[in-house]
Amino acid sequence: MNAKWVYGTASLLLLGAITTACGSKEVAVTGAGTGSKVTTTVAQTGTESSKTTVAGKQPAIDGKITLDGRNATITYTTSNFQLSADHMDKKNVNGEGHLHLYVDGKQKAMLSQNAPVKLSNLATGKHEIKIELQQNDHTDLHIEKVFNIEVK
């Protein structure tokens, strides 16, 4: 077999496993009061950034959300916490992990980099968007940022 093909296939399988470990990147959200289904796409682009952790300091999340019609963009940063996919689903490493993204209480994606997240095609109505810090094994650190929005 061609080595490039084998490595390419292995990379796609790994990428698929990482993006679905905690939830799908494309999700269905029921429209408020309409009973119709609206597909909301969660997309994240960018490169992983390096963060330094300081012993004894608590991890934190800071962020903001901007609305543009039925789309929302979340920008965030973590402090004293390294976002990384390198040890995902493995033994915990102090000060390292990822984020879980929730829309209206339902987990929608796993985020492993400090890069903007775009939620497209949100249903009309009120929504609670939450990001939570997680350890490598998906243990919740109980550190979160919650955004309450209304899509008109």
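Based on the mean of other Cβ atoms within 10 Å per residue, sort peptides 104-114, 83-93 so the most packed one is first.
104-114, 83-93
Around Ile143, which amide H atoms from residues at least 5 apart in sequence, or from another chain, sit under 5 Å from its own amide H, with H modelled in the peptide plane?
Close amide H contacts, sequence-distant or interchain: Leu133.
Got the relative contact order for region 92-142 handy, in percent, Cα pairs under 8 Å and 6 or more residues apart?
45
Listed highest first by mean packing, meaning other Cβ atoms within 10 Å per residue, what order do 131-137, 74-80 come in?
So the peptides 131-137, 74-80, ranked by packing, come out 131-137, 74-80.
Any read-out appearing in this document is the output of simple, stated calculations on the displayed coordinates, not a laboratory observation. Everything quoted here is computed from the prediction, not taken from an experiment. Cβ: placed from backbone, ideal geometry, glycine included. Neighbour counts: every protein chain shown.
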